[in-house]
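Asks: First the structure, then my questions, so here it is.
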Amino acid sequence: MGVEFGRSRGAESRLSRWLRRRPKDAADEASGRSALLLATAAAGLPLAPAAYPAGYRCSCERIGCPTPARHPVSFAWQTQSTTDPAQIERWALAQPEANFITATGMVHDVLDVPLRAGRDALERLLASGVEVGPVAESGDERMLFFTATRGTPEDEDEWWPCELDCHPETMDEHPGLRWHCRGSYVLVPPARLPNDLTVDWVRGPEHPLPDPLTLLEALTDACARHAVEDEGLEAHSVAWPLRR
């Protein structure tokens, strides 16, 4: 699926044109990478450096790394995450191979679904005229829907941590919909994964962040439908329960 899928009507943005350009050389690729990261930060998504593929291993060199090339470099990633363009440029120059994560639950959340279910839901949402925000494909398995956060309400007793869903290092236990909110993170494009897979924008960060509840029904329905098709399971046993 290309970036042109779901493009909003009217004049295309400069970022959309960047996304479709094929870098000519390493310098152009580095420039394009920085431009995408800065555009993501400008949209309000805080970033921090992450690991990257190093041969068949993760750059962290941890034996049996559970999330190779998908985790932050620093244990202080939540406080380290920033939208400051100068800091992001310094990181990008100093760590040219590094991926970047964005910390969720501060400005935005991410609804993370299986790729086929996500593509189906995205097509239905756009056809219905629903305002869909930034969307990325992560490898050949997942699709990420970026939304406004519901993790920082005025009444702090009402917020929930991501651990109520799953922890970033235990995601394989949650094959359906994952709601990344406070205490979690996702990779942001452009990112490289093992086995020559990548994380890429389908709809760039220039799109406004929607309320997650406007997308949730379509995403849970798509997840349940594809789970039944792929695994022969009952829909209610795999659809992620809605928070109340």
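The values are calculated or read from the model by the stated rules, or taken from the named source; none is laboratory data. Only a predicted model underlies this, so the values are computations on that prediction, with no experimental measurement involved. Every residue, glycine among them, receives a Cβ derived from its backbone with ideal geometry; neighbour counts consider all protein chains shown. Each accessible area value is taken on the protein alone, full model and side chains, heavy atoms only, with ligands, DNA and RNA left out. Shrake-Rupley method; radii C 1.70, N 1.55, O 1.52, S 1.80 Å.
Asks: From THR67, THR79, THR102, which residue is among the hydroxyl-bearing types (Ser, Thr, Tyr) and assigned to a strand (DSSP E or B)?
Replies: So the residue among THR67, THR79, THR102 that is among the hydroxyl-bearing types (Ser, Thr, Tyr) and assigned to a strand (DSSP E or B) is THR102.
Asks: For GLU89, work out the one condition from (1) over 17 Å from the mean Cα position of the chain (by Cα); (2) in a strand (DSSP E or B) it doesn't fulfil.
Replies: Every condition holds for GLU89 apart from (2).
Per-residue answers, yes or no, for (1) part of a helix (DSSP H, G or I); (2) at pLDDT 95 or above; (3) of a type in the set (Ser, Thr, Tyr):
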residue: SER8; (1), (2), (3): no, no, yes
residue: ALA35; (1), (2), (3): yes, no, no
residue: THR40; (1), (2), (3): yes, yes, yes
residue: SER74; (1), (2), (3): no, no, yes
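Asks: Here's something else I'd like to know. With the requirement that a residue be at pLDDT 60 or above and under 15 Å from the mean Cα position of the chain (by Cα), what does the stretch 147-175 give you? Working first, answer last.
Replies: Of the stretch 147-175, the ones at pLDDT 60 or above are 147-151, 175.
Passing the criteria: THR147, ALA148, THR149.
Asks: Could you list, ordered by first residue, the pairs with Cβ atoms under 8 Å in which the first is in the stretch 64-75 and over 9 Å from ASN99 (Cα atoms) and open to solvent by 70 Å² or more (accessible area, probe 1.4 Å) and the second is of a type outside the set (Ser, Thr, Tyr) and not in a loop (DSSP other than H, G, I, E, B), at least 6 apart or interchain?
Replies: Correct list of pairs: VAL73/ALA48; VAL73/PRO49; VAL73/ALA50.
Asks: Another question, if that's okay. When you go through GLU141, GLU97 one by one, which is the residue that is more than 29 Å from ALA218 (Cβ to Cβ) and acidic (Asp, Glu)?
Replies: GLU97
Asks: Now a separate question. Just name the residue that is farthest from CYS60 (Cα to Cα) out of those in the stretch 88-109 that are open to solvent by less than 50 Å² (accessible area, probe 1.4 Å) and free of Cβ contacts under 8 Å to residues at least 60 places away in the same chain.
Replies: ILE88
Asks: Which ones in the stretch 196-212 are open to solvent by 20 Å² or more (accessible area, probe 1.4 Å) and touching a residue at least 24 places away in the same chain (Cβ under 8 Å)?
Replies: So the first thing to find is which residues in the stretch 196-212 are open to solvent by 20 Å² or more (accessible area, probe 1.4 Å), and the list is 196-198, 200, 206-209, 211.
Hits for the stretch 196-212 are LEU197, THR198, ASP200, GLU206, HIS207, PRO208, LEU209, ASP211.
Asks: Select from the stretch 105-146 the residues that are in a loop (DSSP other than H, G, I, E, B) and among the polar types (S, T, N, Q) and list them in ascending order.
Replies: Scanning the stretch 105-146 gives a single hit, SER128.
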